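Derivation of every value follows stated rules applied to the coordinates shown; laboratory data play no part. Because the structure is predicted, anything quoted here is derived from the model rather than measured. Cβ: placed from backbone, ideal geometry, glycine included. Neighbour counts: every protein chain shown.
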Amino acid sequence: MTHPLTDEQISILGLAHTTTSNLMINSYAGTGKTFTLEQIERGAKQNPILYLVFNRRNADEAKDRMLGSTAVRTFNSLGHRVWASTITPSLKLETKKTYNLFKEIADEVKGEAAREIWASWEQVKFGVDIAKALGYVPERLHSNAQSLISKRALHNHFDEEPDDLTSDLVDTILGRGIKLSYDGIIDYNDQIYMPSLFGGAFPRFPLTLVDEYQDLNPINHHMIEKLVGKRRIIGVGDPNQNIYGFRGAKINGMEDAADFYSMSPAELSVSFRCPEAIVANVRWHVPNFKSSRPGGHVEILTSLDPNSLRDDATFLCRLNAPLFSLAMRLLSIGRGVRIVGSDIGPRLLSIMRKLGNESLDRQGMLDAIDEWLEFKLARDSKTAEDTAACMRVFARQGSNLGQAIAYADHLFKQHGSIQLLTGHKSKGLEFPLVYHLDPHLIGEGRQDKNIRYVIGTRSSNEYYEIRSDEIQW
C-alpha cells in the first residue's frame with residue numbers, strides 16, 4: 001500500500017502487537033484487510049503463526065507476501081495433513097467419490113428402481129456436499145462423532161424438500177463415505193469433515209490469523225475450535241458480505257465467534273478501492289463506511305444504448321436469467337460477452353436435455369419448462385423460478401429444443417470483453433465500470449441487502465443501475 005497507515009490500522013496494530021487479546025476485525029469492502037494482516041504478522045510476538053485462508057488462490061498470494069516462518073494453509077490443506085497423520089492408510093484424493101458411491105448403490109438395483117435413483121442424483125450430490133459443510137452425521141452412525149445439526153436442519157438447506165429416497169441416499173452415501181475415509185479414500189469435503197468431526201491431532205500455533213471469517217460454514221468454525229483451543233486468534237471479515245448462506249456459510253458467524261473467543265472488536269472502515277461517490281451510495285447499509293479518495297460516479301439510468309457500451313463494462317445481477325437474456329442480445333449486435341463463473345451452465349444444459357426430443361418445437365419447449373417448474377415449486381424449490389427463466393431465454397432463441405441447447409452451449413463458451421455475472425459470483429472482485437442490472441430483483445431480507453452492498457462496492461470508479469426493459473435495442 002502506498003498511503004500512510006490510517007488511524008484504524010494504527011490502532012489495530014497496537015492491539016495486535018502490545019496485547020494478547022483475541023481480535024475480530026470488521027473490514028469493509030476494499031479497506032486493506034490483507035495488508036493489515038501482513039503488518040500484524042510482521043510485529044507479532046507469538047510465533048509460529050498460522051494464516052488460515054479460504055481458497056488456494058488466496059493461499060498462493062499470501063505465501064508470496066507473508067514471512068517464511070508463517071504457515072499459510074487453506075482449511076482443506078490443514079485438514080488433509082491432520083487426517084493423514086490420524087489414520088494408517090495413505091490418503092488418496094478421489095474427486096468423484098460421491099458419484100462412485102451413488103453409482104454403486106444404483107447398480108445394486110435394476111429397472112424402474114434404478115431410474116428413480118438416478119433421477120435424484122443432483123439432489124443427492126447437493127445433499128452430501130451440504131451435509132459435510134454443515135457438519136451433519138447420520139444418527140447412530142458413529143458413536144465417536146456428534147452431528148452439529150439435525151436432519152431437519154439439513155433438509156432446510158436443500159433447494160427443495162427432499163423426498164424419503166433422497167434423504168436415505170444421502171445418509172447411506174455419508175455412511176459408506178466415512179468408512180472409505182478411514183481407508184484413506186477422501187474427497188475435498190472430507191479433508192475438513194473427517195478431522196473436524198472424527199478425530200485427529202491438530203497442530204498448535206500460538207497465533208492463528210483467519211481471513212474471510214464471514215464466509216465460514218459450521219464445519220470451518222468447528223475446525224477452528226479444535227485448532228485454536230485457548231491460544232490466540234485474530235479474525236478478519238465483513239459481516240455485510242455474508243451472502244453464502246445458501247451453501248452453508250454461518251449466519252452471524254463473526255458475531256458468534258467474537259463471543260465464543262472473547263474477541264475485542266476492531267474496524268477497518270476506510271475503502272481504498274471505492275471512491276467517495278461509490279461509498280456514499282452504500283451508506284444506507286454501512287453508515288460509517290468511508291473513502292480514502294474523492295470522485296467516482298453513481299447514476300440511475302433510464303435508458304442505455306447497448307452499442308455505446310465500453311468493452312470494459314461489467315454487468316452484475318441478482319439472478320442469472322436477465323444476464324443470459326442481455327448476453328444473447330449483445331451477441332446479436334456483434335458485441336463480445338463472457339459469462340463469468342456460471343456453474344449453472346452444465347446443470348441448465350442437463351435439465352434442458354431432459355425436456356424432450358431435440359425436435360420439440362418452441363411452444364412444446366415452453367410448455368415442458370412450465371411443467372418442470374410446476375413440479376419443482378410443488379417441492380418448494382428456492383431456485384426453480386430463475387432456472388426456468390434461464391431456459392425460456394434459450395427456448396425463445398431456437399425453433400426447437402436442439403437449437404435452444406446449442407444457443408445455450410454457445411453462450412457459455414464465449415470469451416468476449418463485456419463481463420456478466422451474478423452478485424454472488426462478483427464477491428472478492430473489482431471492476432472499473434459496473435452496471436447493476438435489474439436492481440429491483442433484490443429483496444429486503446438480510447442476505448439480499450448484503451448482496452446489494454456487495455454489488456454496489458465492486459466498482460473502483462463508475463457505478464450505474466439500469467433495468468433490462470430500459471435498454472434501447
query = In which sequence would Val170, Val137 go, from the one with the fewest C-beta neighbours within 10 Å to the one with the most?
reply = Val137, Val170
note = Given pairs Lys425/Lys449; Lys354/Lys425; Lys250/Lys449; Lys96/Lys132; Lys376/Lys425 and cut-off 19 Å on Cα-Cα distance, the over-length ones are Lys354/Lys425; Lys376/Lys425
query = What list of ³J(HN,Hα) couplings, whole Hz, do you get for segment 184-201 from phi and the Karplus terms 6.51, -1.76, 1.60, once you set θ to phi - 60° and write x for glycine and proline?
reply = x, 9, 10, 10, 4, 5, 5, 4, 9, 4, 5, x, 6, 10, 10, x, x, 8
remark   = CD proxy, 222 nm, the chain: helix-only mean residue ellipticity via -39,500 (n - 2.57) per DSSP H run with n ≥ 4, per residue, nearest 500, stands at -13500 deg cm²/dmol
remark   = Charge tally for neighbours of Leu331 with beta carbon under 12 Å away, counting Lys, Arg as +1 and Asp, Glu as -1, is +4
request  = Could you tell me whether segment 92-183 comes out rounded, prolate or oblate from its Cα gyration tensor? Rule is a ≥ b ≥ c as square roots of the eigenvalues, rounded for a/c under 1.5, then prolate if a/b exceeds b/c, otherwise oblate.
outcome  = oblate
message = Which trypsin sites (Lys or Arg not before Pro) in segment 225-271 sit in a loop by DSSP (not H, G, I, E or B) and have at most 10 other Cβ atoms within 10 Å of their own Cβ?
response = Lys230
query = Which FRET efficiency value, to the nearest 0.05, do you get for His3 and Lys226 by plugging their Cβ-Cβ distance into 1/(1 + (r/R0)^6) with R0 = 45 Å?
reply = 0.70
note = Expected vector for segment 161-175, Karplus 3J(HN,Hα) from phi with 6.51, -1.76, 1.60 and θ = phi - 60°, integer Hz, x for Gly and Pro, equals 4, x, 7, 4, 4, 4, 4, 5, 5, 4, 4, 5, 5, 4, x
query = Out of (1) 24.4; (2) 21.7; (3) 23.0, which label holds the value of Kirkwood radius over Cα pairs in Å that was computed here?
reply = (1)
Stretch gain in nm, segment Arg115-His285, where the contour uses 0.36 nm per residue and the Cα spacing is subtracted = 56.3 nm
query = Percent relative contact order of segment 345-412, based on C-alpha pairs within less than 8 angstrom and at least six residues apart?
reply = 45
remark   = Fewest to most Cβ atoms within 10 Å: Lys425, Lys132, Lys179 sort as Lys179, Lys425, Lys132
Debye, to nearest 20: dipole size of the chain, +1 on Lys, Arg Cβ, -1 on Asp, Glu Cβ = 1380
note = A correct Karplus calculation of ³J(HN,Hα) over segment 81-86, with 6.51 cos²θ - 1.76 cosθ + 1.60, θ = phi - 60°, whole Hz and x for Gly and Pro, returns 4, 5, 5, 4, 8, 8
query = Taking Cα pairs under 8 Å and at least six residues apart, what relative contact order does the chain come out at, in percent?
reply = 19
query = To the nearest 20 debye, what charge dipole does segment 345-412 have about its Cα centre, counting +1 at the Cβ of each Lys and Arg and -1 at the Cβ of each Asp and Glu?
reply = 180
task = Scan around Glu267 for amide H atoms under 5 Å from its own, H built in the peptide plane at 1.01 Å from N, and keep only partners 5 or more places away or cross-chain.
result = Asn26
query = Under 17 Å from a point 7 Å along the Cα-to-Cβ line of Arg57: which residues of segment 327-357 have their amide N that close?
reply = 338-344
Nearest-20 debye value, segment 270-354 charge dipole, Cβ charges on Lys, Arg, Asp, Glu = 360
ask   = Put +1 on the Cβ of each Lys and Arg and -1 on the Cβ of each Asp and Glu in the chain; which of Ser359, Thr34, His410 then has its Cα farthest toward the positive end of the dipole?
value = Thr34
remark   = segment 92-183: relative contact order from alpha carbon pairs under 8 Å, six or more residues apart, as a whole percent, is 34
